[in-house]
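A short worksheet on the structure shown next.
The values are calculated or read from the model by the stated rules, or taken from the named source; none is laboratory data. None of these values were measured; they are calculated from a predicted model. Here Cβ is always computed from backbone atoms with ideal geometry, including for glycine, and neighbour counts include all displayed protein chains.
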Amino acid sequence: MSDLPPPSPPQPTASDGATAQIVDRGFQRYEGPRAGVGQAIRAVTWQSIRSTLGLGRPARHKIFPVLAVAIAYVPAIAFVGLAVLVGDILDPNEIADYAGYYGFITAAILLFAGLVAPEVLVGDRRNGMLAMYLSTPLQRSTYLLAKALAVVATLALVTLGPPLLLLVGYTFENVGPDGPGEWVTVLVRIVVAAMAVSASLSAVSMAAASLTDRRAFASIGVVLLALASPAVAGALVDGADLSPYWRLIDVFSMPFELVYRIFGEPGNFPELSTLSILAVNLAWTLGSIAIVVWRYSRLVVAR
């Protein structure tokens, strides 16, 4: 018996229809354009906004965001319609001014705040995208910056858009601010107020989302905190007859109270100083940011 190895099978040739060949092996450096960290932040921010709003996803992912945004705009549309119908008889600002408008849409803002951050943060940790993001020029700090921008920008749909619509509608019906100077002042106040509410609620929502790997748990935690803190504050001040400054623990009401002060109005709690309200909003925002940074600094990410 021969010890020769068995013959090799015939190799495919071009005439056999197999034209693919391996001509080189190994790794090569990427020589294309490099957009840098700034572009990476913008790309992650935009992708996070798209994901939250359900853009490019099945229809079921769009239902809740669309409903929340629609609910936030319905009162503004109604008030503008009222200005069209009876603006010459009744001043619509007496029914809904810019600072008081948030009182009509607190539910939509709360639900949206409980949705956005869990959708933006939790999903990346569960599906492995966080490790992929961190393999790019993004670091943990720039990744969190991109996500924070996405949360604030998305929340601005319900905190900034409706008051702006109210301002534009009132202006066209001649029941808005008197003169260009006052109009610009109101516009600046609307933008500052919306950003204050968005920043505070976004930070709290991101802190909750950083502490759990379940979207539902994070959303429920945000809603429970927003509902429980006003009840506790009210019980301490009204029930136990403690100092009115105990109302500052109300994490949900204080951002809207700050809105009144931005517009120069006394708000729902005139016994509280503007400085204390500003300070507590900064404390909640910075404290929540510290929790997020601490949580992600200790997070083990397998690349």
For region 233-291, how many residues are outside any loop (DSSP other than H, G, I, E, B) and either out of contact with any helix residue (DSSP H, G or I) (no Cβ under 7 Å at 6 or more places or on another chain) or on the phi > 0 side of the Ramachandran plot (or both)? 12
Residues satisfying the stated conditions in region 179-226, i.e. among the polar types (S, T, N, Q) and part of a helix (DSSP H, G or I): Thr185, Ser198, Ser200, Ser202, Ser205, Ser210, Ser219
Quick check on Gly161: is it surrounded by fewer than 18 Cβ atoms within 10 Å (Cβ to Cβ), at pLDDT 90 or above and more than 18 Å from Arg42 (Cβ to Cβ)? yes
Subset of region 99-143 that is modelled with pLDDT of 85 or more and assigned to a loop (DSSP other than H, G, I, E, B) - its residue that is surrounded by the fewest Cβ atoms within 10 Å (Cβ to Cβ): Gln139
Restricting the search to region 120-167, which residues are closer than 30 Å to Tyr98 by Cα and without any contact (Cβ under 8 Å) to a residue 40 or more places away in the chain? Leu160, Leu164
Pairs, first over 18 Å from Ala233 (Cβ atoms) in region 262-288, second modelled with pLDDT under 90 and surrounded by 19 or more Cβ atoms within 10 Å (Cβ to Cβ), C-beta under 6 Å, six or more apart: Phe263/Ala99; Glu265/Ala99
Filter pass, Gly176 being in a loop (DSSP other than H, G, I, E, B) and over 17 Å from Pro118 (Cβ atoms): yes
Going by the structure shown, is Val251 buried (at least 20 other Cβ atoms within 10 Å of the Cβ) and among the β-branched types (Val, Ile, Thr)? yes
